[in-house]
Amino acid sequence: MIRDVLDLEVYKDSLRQLRLLYELLKKIPKSEYDTIIQCKKCSKSIPANIAEGFAKRSSEKEFKRFLKIAIGSSDELITHLRTIAIVIPHLKEETQQLAAEYKVISKRLTKLHTIWKSSSF
């Protein structure tokens, strides 16, 4: 039974990915500061919106709204990672791997959005 946001694996995974993302961001030149900031914002937005929505889970509509925002943040981050791969070619493999992990998070959030029924949890 899901009683706490920590019971959601996708939430825990989004937090775990933060460490890997921050390690990657340290390798990006300061000239790409705006990209670094955008990546940090959207990566932190994912677990934050899952948690905020979970706090309002008694309203299925509200929880799903926050899940949609988290999906959007994940997809935005994937795009930033793809641009990093283009602008900084030596980070291509690392960014592609991280983008793939965030793609999984997006898919899992989409599935949670589809199956969530407030009355069943």
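The values are calculated or read from the model by the stated rules, or taken from the named source; none is laboratory data. Remember, it's a predicted structure, so these values are computed and weren't measured experimentally. Here Cβ is always computed from backbone atoms with ideal geometry, including for glycine, and neighbour counts include all displayed protein chains.
Go through segment 74-99 residue by residue and tally those that are under 22 Å from residue 47 (Cβ atoms) and touching a helix residue (DSSP H, G or I) at 6+ places or on another chain (Cβ under 7 Å).
13
State whether one or more residues within segment 37-49 are touching a Gly at 6+ places or on another chain (Cβ under 6 Å) and over 20 Å from residue 94 (Cα atoms).
no
For segment 2-22, which positions are among the β-branched types (Val, Ile, Thr) and at pLDDT 95 or above?
10
For segment 41-90, which positions are basic (Lys, Arg) and part of a helix (DSSP H, G or I)?
Residues satisfying the conditions are 41, 44, 61, 64, 65, 68, 82.
Considering only segment 35-43, I want to know if a residue exists there that is within 30 Å of residue 1 (Cβ to Cβ) and not aromatic (Phe, Trp, Tyr).
Looking for residues that are within 30 Å of residue 1 (Cβ to Cβ) and not aromatic (Phe, Trp, Tyr), one finds at least one in segment 35-43, hence yes.
Among the residues of segment 1-14, which ones are buried (at least 16 other Cβ atoms within 10 Å of the Cβ) and either on the phi > 0 side of the Ramachandran plot or hydrophobic (A, V, I, L, M, F, W, C) (or both)?
5, 8, 10
Looking only at segment 96-106, decide whether some residue is in a helix (DSSP H, G or I), of a type outside the set (Phe, Trp, Tyr) and within 19 Å of residue 3 (Cα to Cα).
No, every residue in segment 96-106 fails to be in a helix (DSSP H, G or I), of a type outside the set (Phe, Trp, Tyr) and within 19 Å of residue 3 (Cα to Cα).
Of the conditions (1) in contact with a helix residue (DSSP H, G or I) (Cβ under 7 Å, 6 or more places away or on another chain); (2) at pLDDT 95 or above; (3) in a helix (DSSP H, G or I), residue 28 fails just one. Which one is it?
(3)
Of the conditions (1) modelled with pLDDT of 95 or more; (2) farther than 18 Å from residue 9 by Cβ, residue 119 satisfies every one except a single condition; which number is it?
Condition (1) is where residue 119 drops out.
Okay, residues lined up against (1) within 29 Å of residue 86 (Cα to Cα); (2) surrounded by 15 or more Cβ atoms within 10 Å (Cβ to Cβ):
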site	(1), (2)
28	yes, yes
38	yes, yes
41	yes, no
47	yes, yes
53	no, yes
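Just to be sure I understand the filter: pairs with C-beta atoms under 7 Å, separated by 6 or more residues or on different chains, first member in segment 3-32 and closer than 23 Å to residue 51 by Cβ, second member assigned to a loop (DSSP other than H, G, I, E, B) and among the charged types (D, E, K, R). Which pairs pass?
none
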